[in-house]
1. Select from segment 334-357 the residues that are modelled with pLDDT of 90 or more and open to solvent by less than 50 Å² (accessible area, probe 1.4 Å) and list them in ascending order.
2. Evaluate segment 192-201: report whether one residue or more is in a loop (DSSP other than H, G, I, E, B), at pLDDT below 90 and open to solvent by 50 Å² or more (accessible area, probe 1.4 Å).
3. So residue 304 ticks every box in (1) modelled with pLDDT of 75 or more; (2) over 21 Å from residue 221 (Cα atoms) but one. Which box is left unticked?
4. Within segment 14-41, which residues are of a type outside the set (Gly, Ala, Ser), more than 30 Å from residue 95 (Cβ to Cβ) and in a loop (DSSP other than H, G, I, E, B)?
5. Kindly provide the set of residues from segment 42-65 that are farther than 16 Å from residue 90 by Cα and among the hydrophobic types (A, V, I, L, M, F, W, C), ordered by number.
6. Which of the residues that make up segment 14-24 are surrounded by fewer than 16 Cβ atoms within 10 Å (Cβ to Cβ), touching a residue at least 12 places away in the same chain (Cβ under 8 Å) and not hydroxyl-bearing (Ser, Thr, Tyr)?
7. Within segment 71-87, track down each residue that is part of a loop (DSSP other than H, G, I, E, B) and either open to solvent by 90 Å² or more (accessible area, probe 1.4 Å) or of a type in the set (Val, Ile, Thr) (or both).
8. Just checking, how many residues over segment 40-68 are under 26 Å from the mean Cα position of the chain (by Cα), farther than 19 Å from residue 376 by Cα and either open to solvent by 30 Å² or more (accessible area, probe 1.4 Å) or of a type in the set (D, E, K, R) (or both)?
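The values are calculated or read from the model by the stated rules, or taken from the named source; none is laboratory data. Since this is a predicted model, take the numbers as computed values, not measurements. Every residue, glycine among them, receives a Cβ derived from its backbone with ideal geometry; neighbour counts consider all protein chains shown. All accessible areas refer to the heavy atoms of the entire protein, side chains included, with ligands and DNA or RNA removed. Shrake-Rupley method; radii C 1.70, N 1.55, O 1.52, S 1.80 Å.
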Amino acid sequence: DPAQQSLIRGGDRLALSATVTNFAEAEVAYAWSCTSGNLELGSSTLLSSADGPNLVIAPDVLQQGTAYSIRVSVTSIADSALTGTSVLSFSTNAAPVLGECASSPETGDALTTTFRLECSGWVDPESDLPLLYRFQADVQADGTYIDLSGNQVLEFFDTILPYPSSSSSSSSSTSTLTLRALISDGVGAQTSYSYSVVISEVDVDVASTSTEVDALLGKGDTATSGTLLSGMVGAINKGSAAADAEASERAKAVDNIVAFVGKVSATGDVNDVRTPATLLQQSTQASSSAGLSQESATKSLDTLTQIINITGFGATDSTASAVGTLQNIILASSSNSSGSGNASSSSNTTSARVVSIAANLGSALLADALEDENAKDVRSGNLTVTSRRLSSKSLGGGAA
């Protein structure tokens, strides 16, 4: 559709389908090629074969602001003289460029100092306005981000910042926190800009912080609530929360975090589940050393189901967080099942729910998948959810 071609964004996954009306699919052979000469159609660029009815170009392959022409040839297997071709020419939209982002100050105390995160100088080559800014923090130092803000026209955002939970086992009282700004143009083409600040750890009182989060959620402030919850996880892991509470008290605090995550998923932006999904993974992982109570495991699974039902869970990073949560619950459930018969029964129930939710996640991954597209794998630790949509032709050929 020529009217939609301007919405193709550089870096996006692109799926093309060829439809033949006067032959059955089994009676023809397909051959895709790039006639503009600037894209090689092979295993490193495709999520499908180049000789089937569907062609899927992988994410981060199409360059921004670039013109492409893709041709498909369809030939009768019985008579090679019967061939039809179709060509799609399009140009990808370019994302904002030339700007930068920074924090003021560049150092401060976790959950206390107010940081101004600000971007400047960004322009869109195609003048697709307005530009929108979203500010994020890598709270586990592993590429797992929470949103500090939603999409906004303002180029700056004032916020507190959490202490990275992955630094909880370190004896150092300071840690580098990676921040990221997502700058989008008016049709969704996006650029990311990463920078960092140095965060000093502070003592966190879980009880009072929980009360503060509850009040903020009541006002609809999910962004600040998420930041405080992330900071609580780091404090619980470090043992500084609640005067180095006993394991049972830390587990109770984690139960409270899971409950708060449920509120975040219910009151936050249903179009972006990154923050509640990340917090759920963090909070269940935080209690791993003390064991996750059955009540916490049940709340976690309830919350995860709620998020999936609300959003469909299409975002890959959110799905990875969900798989991470399931793995945390499996590990804790295995540890807790060594007790009484009731504990073993509860563990079996939990395991069944984990399998069911993993299946739902797999189905969500297939929402935009085409037949015979490469399998989609989402891994966290030792747990992997794999999904693939097979055509009837593939299934008839003995594919499993």
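1. 354, 357
2. Taking every residue of segment 192-201 in turn, none turns out to be in a loop (DSSP other than H, G, I, E, B), at pLDDT below 90 and open to solvent by 50 Å² or more (accessible area, probe 1.4 Å).
3. So the condition that residue 304 fails would be (2).
4. Let us first name the residues in segment 14-41 that are of a type outside the set (Gly, Ala, Ser), namely 14, 16, 19-23, 25, 27-28, 30, 32, 34-35, 38-41.
Retained after the next criterion (residues that are more than 30 Å from residue 95 (Cβ to Cβ)): 19-23, 25, 27-28, 30.
Answer for segment 14-41, where residues must be of a type outside the set (Gly, Ala, Ser), more than 30 Å from residue 95 (Cβ to Cβ) and in a loop (DSSP other than H, G, I, E, B): 19, 20, 21, 22, 23.
5. 46, 47, 50, 58
6. Of everything in segment 14-24, those that are surrounded by fewer than 16 Cβ atoms within 10 Å (Cβ to Cβ), touching a residue at least 12 places away in the same chain (Cβ under 8 Å) and not hydroxyl-bearing (Ser, Thr, Tyr) turn out to be 15, 20, 23.
7. 77, 78, 80, listed by residue number.
8. Count: 3.
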